[in-house]
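In what follows, a structure is listed as structure tokens, so that the remarks can point back to it.
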Amino acid sequence: MSQEHGELGTDRRQFLRKTAASGAGVLVGASAFEALAPSFAAAKSGGVTKGDVAIVGAAQIAEALAVTTYTNIIDNAPFFKRLPSDDQGYLVAARQEEMSHYALEMSVTGKPSPFTSFYYPAKMFSDAQTTLDVLVTLEDAFIAAYLVGVRYFSTPDLRVLAARIMGIESDHRTLARVLGGDVAAKDGGPITKITGVQGTAEPADPPNNNGYERTLKWTNISQAVTALTPFADKTAAAKAGFDTTTAYEFKPFTPHLPEALGAFHSFLG
């Protein structure tokens, strides 16, 4: 995943143009907020900016990618069935949580994700080490992207919402690292080191190895777009060395969260 800070490359320009052309950057009226929860009306009354919409649009694509990733780990990764039941439960619950985030963000943009097919490195769903490296890489990126929202959303309610979602992505990152020691010998386990977005192999023990979430020094949502482009754009995927022979489709569904108390009821809780 690139962390470039320079001018937009061709692939990223195409990525952004497609996002804008699809309408993912167009905020629908007050009804999109008010229909979900009464407190959305209060957020809207504070004025939603183009910057807010850009962050939500990028987050929506990230959540579609997350749902697709978890779905294919559960359905296609051989090591999944040999994990302990609580590890399997994490992956199943994470899929539901990411879909809930996507649905919430779609209620703001009023449009589905402009990207519905995703690409991954070779052996993504057949090799446990690759799976965990990429999964942690994605969660690293999602955390940093939502921290951009915490920093730059224009209203306190939206900033707190970004923090609430970021906290769940942090749970996912830690739990993904927990899987390393539980991977069966038949699948190459136990996995002792996992490489995330920063490209450094880090010990999987302890799985909660952050005292503070990593911002990746991202100060603009376009940096998250740069990181996600190889997963969503076939040309960029090929340049990154990903396997472009198979495109994995995003298949939306109605999420059912593990615990009703953990659902989004309003901005207040």
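What follows is calculated from the coordinates using simple rules that are stated; it is not laboratory data. Fair warning: this is a prediction, and the values are worked out from it, not measured in the lab. All Cβ positions, even for glycine, are placed from backbone atoms using ideal geometry, and neighbour counts span all protein chains on display.
Quick look at the numbers
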| item | result |
| --- | --- |
| Relative packing of 255-262, 227-234, which averages over residues the other C-beta atoms within 10 Å, highest first | 227-234, 255-262 |
| Intensity falloff of the range 51-177 expressed as log10 I(q)/I(0), Debye formula with alpha-carbon point scatterers, at q = 0.11, 0.18 Å⁻¹ | -0.37, -0.94 |
| Descending semi-axes in Å of the range 25-256, equivalent ellipsoid built from Cα gyration tensor | 30, 18, 17 |
| Cut-off 15 Å, label 7 Å out along Cα→Cβ of A247, residues of the range 89-114 by amide N | 113-114 |
| Too-long pairs where the Cα-Cα distance tops 29 Å, listed order kept, from K123/K193; K81/K239; K193/K239; K50/K217; K186/K234 | K81/K239; K186/K234 |
| Taking the C-alpha atoms of the range 192-239, convex hull volume expressed per residue in Å³ | 104 |
| Ranked by how many other beta carbons lie within 10 Å on average, peptides 153-165, 239-251 from highest | 153-165, 239-251 |
| Peptide ranges 114-127, 76-89 listed from the most packed, as the mean C-beta count within 10 angstrom indicates | 114-127, 76-89 |
| Share of Cα-Cα pairs in the range 122-269 lying beyond 27 Å, as whole percent | 31 |
